[in-house]
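Let me begin by presenting the structure, written as structure tokens, before commenting on it.
The values are calculated or read from the model by the stated rules, or taken from the named source; none is laboratory data. Quantities reported herein were computed from a predicted structural model and do not represent experimental measurements. Here the Cβ is made from the backbone with ideal geometry for all residues, glycine too, and neighbour counts use every protein chain on show. SASA here: full protein model, heavy atoms, side chains in, ligands and nucleic acids out. Shrake-Rupley method; radii C 1.70, N 1.55, O 1.52, S 1.80 Å.
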Amino acid sequence: MDCLQDWPEPVVPVQSLSESGATAIPGRYIKPPSERPSSASAAFQNILAIPVVDLGRLSEGAPECRATMRAISDACRDWGFFQVVNHGVSHELMERIRELWRGFFHLPMEAKKSYANSPRTYEGYGSRLGVQKEAILDWGDYYFLQYLPPSAKDHDKWPSLPTLIRDTTEEYGSEMAKLCGILMKVLSVSLGLDVEFLHKAFGGDDVGACLRVNYYPKCPQPDLTLGISAHSDPGVLTVLLADDQVKGLQVRKGDAWITVHPVPHAFIIIIGDQIQVVSNATYKSVEHRAVVNAAEERLSLAFFCNPKSDLPLGPARELVTPNRPPLYQPMTYNEYRLYVRKNGPRGKTQVESLKAM
Ligand code: OGA
Ligand code: NI
């Protein structure tokens, strides 16, 4: 793992390139033509509605609860992706956390660089995923921090400014962990499993969780690059709080990239690779990416719920039948995430590579 000790080249924050006023982006941010944002899929955008689920209906009567379960199950099969409203998280907290993190990215560069990260844990302020020398890079900076298990959390690795950012991130993390708990129960039941199945399968009270705050500065040539390249999230599930003003997230549907229009005060739920593995591909993780634009910066907060790191994870026995043999070989999350940490975002190649022969 020596290659994960340090970055292969000096890291240049994308924000400093953006603020230099240059009208052309450096060559190493220019994607090959096949990966650039294209408008070829624009025609699909109005006819394909991304599912929005009202979680409040889970606590109404049995018919409402069943209908909600069905909506989630359909969304997980057809999209690997949905938005939730009535999720119980205070709208005021959602606005407050976003403004604090926007404030962090607006601090002087020196203040941010004092939290510069390394590829060993990725915790801190960073600008790249992957350690491949001379890789083509994404047009985005981020802050990555560990929230669960409690033993992995280290407040000294969290920014101390703007004032209250630590306390508020703590409060937000606790709400996110609660929401992930509810979603894991719902997904378990919707897969026909015991309500606690996924929670237990992913490590019970030892599940992991981390937060990545993504900051996409303005880009003078947005048609040539991406804020984050196509990938699926490696963990269990992601709760994304998207920018309330600026669109940029796209999900893959077949050959098309569909731009997500976030519903006000909704969270976007993204099914990760480990749900695909444990559900034996009943549910699939979704490939997604972010585009950038010339007029406005964009901020998103991705809360990742991950398995306990040292459990070998394979398809649930309950979901393996003679007609549907296990599709994936077991692997621990520690091993699994090394791939993205080394290679950066690579579509869905990683989960595909687990396919049992
Ligand atoms: C991520 C991600 C998308 C976005 O952080 O994994 O997919 O809109 N972010 O920032
Ligand atoms: Ni993602």
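Taking amide hydrogens as placed 1.01 Å from N in the peptide plane, the amide H of LEU129 sits under 5 Å from those of ASP138, each at least 5 positions away in sequence or on another chain.
Spatial offset of the range 256-298 relative to the range 324-356 amounts to 18 Å, using the alpha carbon center of each.
Placing +1 on the Cβ of every Lys and Arg and -1 on the Cβ of every Asp and Glu, with no other charges, gives the chain a dipole of roughly 780 debye about its Cα centre. When each of the peptides 181-192, 25-36, 269-280, 145-156 is scored by how many other beta carbons lie within 10 Å of its residues on average, the order from highest to lowest is 269-280, 181-192, 145-156, 25-36. Taking amide H atoms as placed 1.01 Å from N in the peptide plane, the amide H of ASN280 lies under 5 Å from those of ALA316, each 5 or more residues away in sequence or on another chain.
What does the C-alpha gyration tensor say about the overall shape of the range 26-353? Classify as rounded when a/c is under 1.5, otherwise prolate if a/b is larger than b/c, or oblate. Because its axes are fairly even, with a/c under 1.5, the range 26-353 counts as rounded. Counting only protein heavy atoms and a 1.4 Å probe, the range 123-238 has 36 square angstrom of accessible area per residue.
Highest average first, the peptides 68-74, 297-303 ordered by how many other beta carbon atoms sit within 10 Å of their residues are 297-303, 68-74.
Using a Gaussian network model of the chain in which every pair of alpha carbons under 10 angstrom is joined by a spring, one finds that among ARG324, ARG337, ARG98 the greatest mean-square fluctuation is at ARG324.
Under 5 Å from the amide H of PHE267 lie the amide H atoms of VAL84, each residue being 5 or more positions distant or on a separate chain, with H modelled from the backbone and absent for Pro and chain starts.
Per-residue ellipticity at 222 nm computed for the chain from its helices equals -8000 deg cm²/dmol, with DSSP H segments shorter than 4 residues left out and the rest contributing -39,500 (n - 2.57). For the chain, the relative contact order is 22 percent, taking Cα pairs closer than 8 Å that sit 6 or more residues apart in sequence and dividing their mean separation by the residue count.
With everything on Cα atoms, drop me the angle between helix 62-78 and the longest principal axis of the chain, reported from 0 to 90° to the nearest 10. The helix 62-78 is inclined about 50 degrees to the chain. Taking 20 Å as the straight-line reach from the Cα of LYS348, the aspartates and glutamates in range (excluding those fewer than 8 positions away in the same chain) are GLU35, ASP78, ASP138, ASP233, ASP255, ASP273, GLU287, GLU335. Shape verdict for the range 94-191, please, from the Cα gyration tensor: rounded (a/c under 1.5), prolate (a/b greater than b/c) or oblate. Oblate.
Positive end of the dipole of the chain (Cβ unit charges, origin at the Cα centre): among GLY126, HIS106, SER59, the Cα lying farthest that way belongs to GLY126. Protein heavy-atom surface of the chain, 1.4 angstrom probe: 53% of the accessible area is carbon and sulfur, with nucleic acids and ligands not counted. Couplings 3J(HN,Hα) for the range 271-279, derived from phi with the Karplus relation 6.51 cos²θ - 1.76 cosθ + 1.60 (θ = phi - 60°), are 6, x, 4, 5, 5, 4, 5, 5, 7 Hz, where x marks Gly and Pro.
The Cys residues in the chain with no partner Cys Cβ within less than 4.7 Å of their Cβ are CYS3, CYS65, CYS76, CYS210, CYS219. Computed from backbone phi with θ = phi - 60° and the Karplus coefficients 6.51, -1.76 and 1.60, the 3J(HN,Hα) list for the range 231-245 is 6, 10, 7, x, x, 8, 8, 10, 9, 9, 9, 7, 4, 7, 10 Hz; x is used for glycine and proline. Beta bridges per DSSP, both residues in the range 26-353: antiparallel share near 90 percent. In this structure, the pairs whose alpha-carbon distance is over 25 Å, taken from LYS157/LYS355; LYS31/LYS133; LYS31/LYS247; LYS284/LYS342, are LYS157/LYS355. Taking θ as phi - 60° and the Karplus parameters 6.51, -1.76 and 1.60, the scalar couplings of the range 349-354 work out to 4, 6, 5, 4, 6, 7 Hz in sequence order, x denoting glycine and proline.
Dipole of the range 316-357 computed with +1 at Lys/Arg Cβ and -1 at Asp/Glu Cβ about the Cα centre; of TYR328, GLY344, ALA316, farthest Cα towards the positive end is GLY344.
Largest to smallest in accessible area, the residues GLU287, GLU64 fall in the order GLU64, GLU287 (1.4 Å probe, all protein chains included).
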